[in-house]
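To start, the structure under review is shown below, and the notes come after it.
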């Protein structure tokens, strides 16, 4: 149980285009999902907290208009990187908190974004 | 939020040896968690230790927590080549289950 998927697993796009990444909890409901970014050989940095039915909460320094988050259901959160630039190239990872109340976040497999 | 620190940054050992990784953090926490990440992949949750716990075991893993020193250690006993990965500690500092990750330790187990 506690499986989280991400789609796509990798994407290459041209500078200026927008890219949508999906995060799904497959076998549990999640009112809260988190989006992280990981640059090569670095640790994970929290970008934002996605709450079902309400606006996302962004960490300091993360542009909310550039990284649009939608959490429309208890099993799906999406991150849209708008007008992507090469510096947005990174590994984006989501995680989900089980509604049952466990403290453990379950992580997706990540999405590798390369912006040309 | 500040990231925690982990040491060593990289560790290379022979199969069968034990591997110890350390993590330090700066603020009070609800719990501390250890994760493993294989190259280019997502994170696998290994173990969670709460702030009122001092030691926890799971299979070949042993985690200690010293809240007075704001530090934790992860011990992997009898390491295997398949343990080769990056290991991260992450602290739940009580802000809506948000996690602050350490810099990570790259472990290489040579067969």
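Quick note: the coordinates plus some simple rules give every number you see, no bench work behind them. None of these values were measured; they are calculated from a predicted model. Using ideal geometry, Cβ is built from the backbone for each residue, glycine included, and neighbour counts are taken over all protein chains shown.
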For peptide B:85-98, compute the average count of partner chain beta-carbon atoms within 10 Å of each residue's beta-carbon.
3
Is there a simple number for the mean count of other chain Cβ atoms within 10 Å of the Cβ of residues in A:104-111, and what is it?
5
So what's the gap between the Cα centers of region A:13-38 and region B:84-111, to the nearest angstrom?
21
Using a Förster distance of 22 angstrom, determine the FRET efficiency expected from the C-beta separation of residue B:17 and residue B:61, and round it to 0.05.
0.90
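What do you get for Rg/Rh over the protein assembly as shown if you use C-alpha atoms and the Kirkwood form of Rh? Let's see the in-between values first.
Working: Rg = 17.5 Å, Rh = 18.0 Å.
When Rh is taken as the Kirkwood radius, the ratio is 0.97.
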What is the spread of the Cα atoms of chain B along each of their three principal axes, largest first, in whole Å?
41, 28, 20
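For chain A, what number results from the quotient of the Cα radius of gyration and 2.2 N^0.38 Å?
Numbers: Rg = 13.3 Å, N = 116, 2.2 N^0.38 = 13.4 Å.
For chain A, the normalised Cα radius of gyration is 0.99.
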Highest mean first, how do A:8-18, B:75-85 rank when packing is the count of other Cβ atoms within 10 Å averaged over residues?
B:75-85, A:8-18
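If Rh is defined by the Kirkwood formula over all Cα pairs and Rg also comes from Cα, what ratio Rg/Rh do you get for region A:1-41? Mind dumping the intermediate values first?
Working: Rg = 13.0 Å, Rh = 12.5 Å.
Over the Cα atoms of region A:1-41, Rg/Rh equals 1.03.
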Highest mean first, how do A:58-68, A:41-51 rank when packing is the count of other Cβ atoms within 10 Å averaged over residues?
A:41-51, A:58-68
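May I ask you to compute the full-extension gain from residue B:111 to residue B:69, defined as 0.36 nm times their residue separation minus their alpha-carbon distance, rounded to one decimal in nm? Please list the in-between numbers first.
Numbers: separation 42, 0.36 × 42 = 15.12 nm, distance 3.49 nm.
Value of the extension gain: 11.6 nm.
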With a 10 Å cut-off between alpha carbons and a GNM built on chain B, which of B:50, B:41, B:62 moves the most?
B:41
Report the residues of region A:6-22 in range of a label on residue A:68: point 7 Å along Cα→C-beta, backbone N strictly under 20 Å from it.
A:7-8, A:11-22
Across B:51, B:68, B:24, the residue with the highest GNM fluctuation in chain B (Cα network, 10 Å cutoff) is B:68
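So if we plug the beta-carbon distance of residue A:10 and residue B:45 into 1/(1 + (r/R0)^6) with R0 = 22 Å, what FRET efficiency do we get, rounded to 0.05? It would help to have the intermediate numbers written out before the result.
On the way: r = 23 Å, r/R0 = 1.05.
Calculated transfer efficiency: 0.40.
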